[in-house]
């Protein structure tokens, strides 16, 4: 049996958010209570630089089915895809860095500023089941997050089998045997990982803020309800500003 191991983390952070009714009516969500950083996707490079936020454009994720997965790629590569889908295609991923950490990650499907945001849900999740101090997201236990297509998991399994044959081992460490060498040139912060050379389907892998935690993901939608962007907040900054750490003076 293969192992998707934990690795040493540089810190521990658990995102804090709340589900509350908005002024628009009971049962609706005040998205500003879930993340104060949604404006990151609408700011230009100059505005981001003025806020001490560095941009890392790491390339495009190949969504072969349009079923998007966001997860810890080492311990949850088989996580269910979000219920909302997009058209298959290649979509750019941008990382927002502050205080030497990956503070947030986005994947763009179309240009424009979102006019509405909603939580990204997987099958079985119901926002009406949440209490005031709860939110949906994905758990991180290996210090990494990712974006990929649901079909790419089969390629990860294929890569595991190949590594087993190459190493004559029945048990591999996917981080040490595969990902580490790809992350190392980028200070361990990110990589665009292709599990199987020559096959479509890759994974945008990036460090998750301060490390382990539970992180929310959001869809940014246009006026017609079509997805423009997918956004993950790792809780490193507040108010889309990297000049002051949360809780700082």
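Assorted remarks:
- Of all residues in region 49-59 being touching a residue at least 60 places away in the same chain (Cβ under 8 Å) and farther than 13 Å from residue 105 by Cα, the one that is surrounded by the most Cβ atoms within 10 Å (Cβ to Cβ): 51
- Hey, residue 214 modelled with pLDDT under 95 and under 14 Å from the mean Cα position of the chain (by Cα) or not: yes
- Among the conditions (1) crowded, with 18+ Cβ neighbours inside 10 Å; (2) within 18 Å of residue 58 (Cα to Cα); (3) under 14 Å from the mean Cα position of the chain (by Cα), the only one that residue 201 does not satisfy is (3).
The values are calculated or read from the model by the stated rules, or taken from the named source; none is laboratory data. Source: prediction; values computed, not measured. Every residue, glycine as well, gets a Cβ built from its backbone with ideal geometry; the counts of neighbours run over all protein chains shown.
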